[in-house]
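Comments concern the structure below.
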Amino acid sequence: MLDTLTNLKSLLKDPSLVETRAYIGGQWVEGDKAATFAVTNPARGDVVADVADISRAQVAGAIAQAESAQKDWAKWTGKERGTVLRKWFELMMENQNDLAIILTAEMGKPLAESMGEIAYGASFIEFYSEEAKRIYGETIPGHQRDKRITVLKQPIGVAASITPWNFPNAMITRKAGPALAAGCAFVARPATETPLSALVLGVLAERAGIPAGILNIVPSTRDSDVGKEFCENAAVRKLTFTGSTNVGRILLRQAADSVKKCSMELGGNAPFIVFDDADIDEAVEGAILCKFRNNGQTCVCANRIYVQAGVYDEFAAKLKARVETMKVGDGLEEGTVFGPLITQKAVEKVQEHIEDAKSKGASVILGGNPSELGGTFFEPTIVTDATPDMLFSKDETFGPLAPLFKFENEDDVIELANDTIFGLASYFYAKDLSRVYKVSEALEYGIVGVNTGIISTELAPFGGVKQSGLGREGSHHGIDEFLEMKYICMSV
Ligand SMILES: NC(=O)c1ccc[n+]([C@@H]2O[C@H](COP(=O)([O-])OP(=O)(O)OC[C@H]3O[C@@H](n4cnc5c(N)ncnc54)[C@H](O)[C@@H]3O)[C@@H](O)[C@H]2O)c1
Ligand SMILES: O=C[C@H](O)CS(=O)(=O)O
């Protein structure tokens, strides 16, 4: 049972992986005046740990330690940095089961999904351990006979990171991997709901031989204080944020005064389109994975499902028949597909979207209510007759609600799909090759899934357009976010 720290540790092969102190300059430290905050298991509301609550002054100290340590770290060869990153990756995978239990304890997702997230998060460390030795510059033919042009790529310096609770491991490693590979130092502020998954990364980084001060983890309840320190401290040369678009806007405004380089991985409102030439059974499976992964609490979840009129009833019936067999329960229980939502506020948002849709003519064909399990458990829900005036058309639900919209033709659905301020992920199922090309090019999103509902991989550049973000994470592009390009003009 994940209801106390003792019981959490009793489930682990290595209980020493659970750390509740901050990791600063290679030291494990308490909060000022021994301040702590409670971490609860969303499945039951029990406090599983009390974690150090780090002050703004302590965050400033972590930045100073990072700035000092980074100077030597940048002198390591890429291969040397890659070697310790590789060790860090290996330790994550060796301890995958323990890290997954810790993640489920504080975030609630089913253990199988937590296992998947640990492997996904570790894959970024593996990938960038290899990229570290491939940070190439350029030589360019001179513009004059006596000129020689060289381009260097150098680490930007200290990078500060703020991440959300829904992928408390992978959202950090997707940033820390390229940052450390590039020769940067890193100060990570995890979400207050899920600090344990961040702190255990510090435990393993220390064991891997990553030097003191290169990775710092500062759990804190002080959202604004930490954000302002990251934005205003001149030693921070890069701010990398994953979270809502609203908070992204706040941070960009705060970072503007110092022209801080920023990466933003923000909110989404993904359309999932099923054309009449799609394989309907495959589209149903894709919709389930895309909509209900992490209980709908992912930035790339299908938020709007558009189904062409000729296959609408078949798709709705098949989707309902599949989803109604899926289990709601504690993330540690065998067979659980839907864990708890992260907070009561998240439950209220799902309910608000359902009631709004019903008031505007939608029909609930499955679910629609909080689960009989109580707490933050919620029934997986499907509504039909969804229309663009309903709240989920414009706002991210972030829960297990699948609204089905009916459409007639390609041009109409592309216009509907693009009618949002967001532009992160989009999906469609179709077989006609001309349609696949035309729709892929017409969708205004950073990511397009064609005949698949899952697009997550460390090998591809992940990121959004419009108000879903700035920059990319993953792939060889991801390391450029932590590098500065220097042009050397030499007269010979
Ligand atoms: N694009 C992506 O890769 C991606 C990935 C995961 C989640 N998200 C988005 O994140 C959101 C869900 O996560 P959330 O609810 O934790 O988002 P959130 O924006 O509320 O919080 C994200 C992080 O920012 C911190 N924060 C909040 N206010 C702050 C402030 N004023 N200054 C500094 N930090 C502040 C939070 O404590 C948390 O650590 C959704 O919109 C989802 O789409 C995007
Ligand atoms: O929630 C957002 C994550 O980025 C989802 S993914 O696993 O990276 O696709």
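Data for the structure
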{"item": "Identity of the residue in segment 39-63, of a type in the set (A, V, I, L, M, F, W, C) and more than 19 Å from A205 (Cβ to Cβ), that ends up surrounded by the most Cβ atoms within 10 Å (Cβ to Cβ)", "result": "A43"}
{"item": "Residue within segment 445-455 that is within 16 Å of ligand 2 (Cβ to nearest atom), closer than 24 Å to L252 by Cβ and without any contact (Cβ under 8 Å) to a residue 40 or more places away in the chain present", "result": "yes"}
{"item": "Index of the failed condition, L251 passing every other in (1) within 20 Å of the chain's Cα centre (by Cα); (2) more than 15 Å from ligand 1 (Cβ to nearest atom); (3) open to solvent by less than 30 Å² (accessible area, probe 1.4 Å)", "result": "(2)"}
{"item": "Identity of the residue in segment 317-332, open to solvent by 10 Å² or more (accessible area, probe 1.4 Å) and more than 14 Å from F378 (Cα to Cα), that ends up nearest to the chain's Cα centre (by Cα)", "result": "L332"}
{"item": "Residue count for segment 119-164, restricted to those that are within 16 Å of ligand 1 (Cβ to nearest atom) and either of a type outside the set (A, V, I, L, M) or touching a Leu at 6+ places or on another chain (Cβ under 7 Å) (or both)", "result": "8"}
{"item": "Verdict on V492 being touching a strand residue (DSSP E or B) at 6+ places or on another chain (Cβ under 7 Å) and open to solvent by less than 70 Å² (accessible area, probe 1.4 Å)", "result": "no"}
{"item": "Candidate set: segment 192-228, residues that are within 16 Å of ligand 2 (Cβ to nearest atom) and open to solvent by less than 10 Å² (accessible area, probe 1.4 Å); chosen: the one farthest from P42 (Cα to Cα)", "result": "A198"}
{"item": "Among (1) closer than 21 Å to G45 by Cα; (2) without any contact (Cβ under 8 Å) to a residue 24 or more places away in the chain - the single one E355 does not satisfy", "result": "(1)"}
{"item": "Contacts under 6 angstrom Cβ, first residue in segment 70-97 being more than 19 Å from G116 (Cα to Cα) and modelled with pLDDT of 95 or more, partner open to solvent by 80 Å² or more (accessible area, probe 1.4 Å) and part of a helix (DSSP H, G or I), 6 or more apart", "result": "G78/K133; K79/K133; G82/K133"}
{"item": "Condition met for E130 (buried (at least 19 other Cβ atoms within 10 Å of the Cβ) and touching a residue at least 24 places away in the same chain (Cβ under 8 Å))", "result": "no"}
{"item": "Search result, residues across segment 454-482 that are away from ligand 1 (no atom under 15 Å from the Cβ), assigned by the TED database to the domain that holds G157 and not acidic (D, E)", "result": "H476, I479, F482"}
{"item": "Residue among G227, G213 that alone is assigned to a loop (DSSP other than H, G, I, E, B), at pLDDT 95 or above and either away from ligand 1 (no atom under 15 Å from the Cβ) or over 19 Å from G478 (Cα atoms) (or both)", "result": "G213"}
{"item": "Segment 69-106: number of residues that are open to solvent by less than 10 Å² (accessible area, probe 1.4 Å) and either within 30 Å of I156 (Cβ to Cβ) or touching a Gly at 6+ places or on another chain (Cβ under 6 Å) (or both)", "result": "8"}
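Matching residues to (1) more than 29 Å from I172 (Cα to Cα); (2) outside any helix (DSSP H, G or I); (3) more than 13 Å from ligand 2 (Cβ to nearest atom); (4) among the hydrophobic types (A, V, I, L, M, F, W, C):
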position: F241; (1), (2), (3), (4): no, yes, no, yes
position: G248; (1), (2), (3), (4): no, no, yes, no
position: V259; (1), (2), (3), (4): no, yes, yes, yes
position: C262; (1), (2), (3), (4): no, yes, yes, yes
position: G267; (1), (2), (3), (4): no, yes, no, no
position: P271; (1), (2), (3), (4): no, yes, yes, no
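The values are calculated or read from the model by the stated rules, or taken from the named source; none is laboratory data. Please read all numbers here as calculations on a predicted model, not as lab measurements. Counting neighbours? That spans all protein chains shown, and the Cβs are built from the backbone with ideal geometry, glycine included. These area figures cover heavy atoms from the full protein model, side chains too; ligands, DNA and RNA do not enter into them. Shrake-Rupley method; radii C 1.70, N 1.55, O 1.52, S 1.80 Å.
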